[in-house]
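The values are calculated or read from the model by the stated rules, or taken from the named source; none is laboratory data. Just so you know, these numbers come straight off a predicted model, no measurement behind them. So basically every Cβ, Gly included, is an ideal-geometry build from the backbone, and we count neighbours across all protein chains shown.
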Amino acid sequence: MRVKEGSIDQRAYRLDAAGLTTLALLEPLRDQLLREEFTIVLDCEASACGGFDFRYGTEVMPEPDMHVDLGDYRFLSAEKDTEAVSILVSRSVLSGFVQVTRVGSLPLPDTVLPPAPAPEIELGVTAPTEALRAPGDLGAMLDENGAVALDDLVFASGAAALAGGDYASLAALAAWLAANPDKTVALVGHTDASGSLVANIALSERRADLVREVLIDRYGVEAARLTSEGVGYLAPRATNQTEVGRQKNRRVEAIVTSTL
């Protein structure tokens, strides 16, 4: 760890990043820093950075502004003279997320990330004010697979609360339902394996119920088209032996229940 003093500017961006990996998101940002003669201090990926401990030892803007998948993120830090920059990159099913933190002694210019497929920080350009969304990706997954995990909904262990704000996956799901008025969806909550099965089924039901309420109240989805269920830890998609795996297992999935 290196201590830097000065003015701080921290921003997060959500991008339409269908098909892009975290490496593809980070590379043009790294290249720009090198062109500007920054020296790379640390450049690492997920477990190589330190996994869970590193992510929670790093100052990260809260959901939904910045989402970090504990198994799929990259971090880069660089410095030049009295200025330092760190870049944290991750993604969900629908979007790429980039957090840029700058520390320096001089007034800091604005930062922008243009649309994919070539996201890049352009120093000195006004930043966008709205996150980009890709409802077609989630809709395509529902059409093709009949189910999709709402991966930008992040739950702490033992909790059913969501931070305020807009979530790309919920907006996309609401848009898909509006475009398919004959479809119905079940929201299925999942937990990690901490605690008893009875308690975890109840917790997973609360998570699914909450997501249903948000879709109805905030996005105007008809209540009759949504059901909510919970299965606790009975359907893991990752190991419960690590924090990274447990984080992946705490989720809500949307499953198409209509058959026509």
Could you please let me know if Asp16 is without any contact (Cβ under 8 Å) to a residue 60 or more places away in the chain, closer than 30 Å to Leu170 by Cβ and either assigned by TED's automatic domain parsing to the domain that holds Ala140 or crowded, with 16+ Cβ neighbours inside 10 Å (or both)?
no
Residue by residue through the stretch 32-60, note down the ones that are free of Cβ contacts under 8 Å to residues at least 12 places away in the same chain and not aliphatic (A, V, I, L, M).
Arg35, Gly50, Asp53, Tyr56, Gly57
Please specify each residue of the stretch 41-51 satisfying the condition of being surrounded by 16 or more Cβ atoms within 10 Å (Cβ to Cβ) and more than 15 Å from the chain's Cα centre (by Cα).
Cys49, Gly51
When (1) within 24 Å of the chain's Cα centre (by Cα); (2) of a type outside the set (Val, Ile, Thr); (3) closer than 28 Å to Gly51 by Cβ are applied to Asp217, the one that fails is (3)
What's the number of the condition Ser47 fails, among (1) in a loop (DSSP other than H, G, I, E, B); (2) closer than 30 Å to Ala161 by Cα?
(1)
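Residue under question is Gly195, and the condition is that it be crowded, with 19+ Cβ neighbours inside 10 Å, at positive phi and modelled with pLDDT under 95; does it hold?
The answer is no for Gly195.
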Return only the number of the condition from (1) at pLDDT 70 or above; (2) under 19 Å from the mean Cα position of the chain (by Cα) that Glu144 does not satisfy.
(2)
Report every pair of residues separated by at least 6 positions or lying on different chains whose Cβ atoms are under 7 Å apart, first residue within the stretch 214-239 and acidic (Asp, Glu), second surrounded by 16 or more Cβ atoms within 10 Å (Cβ to Cβ).
Glu229/Ala186; Glu229/Val188; Glu229/Glu205; Glu229/Ala208
Over the stretch 22-40, the set of residues surrounded by 13 or more Cβ atoms within 10 Å (Cβ to Cβ) and either in contact with an Asp or Glu (Cβ under 6 Å, 6 or more places away or on another chain) or in a helix (DSSP H, G or I) (or both) is Thr22, Ala24, Leu25, Leu26, Glu27, Pro28, Leu29, Arg30, Gln32, Leu33
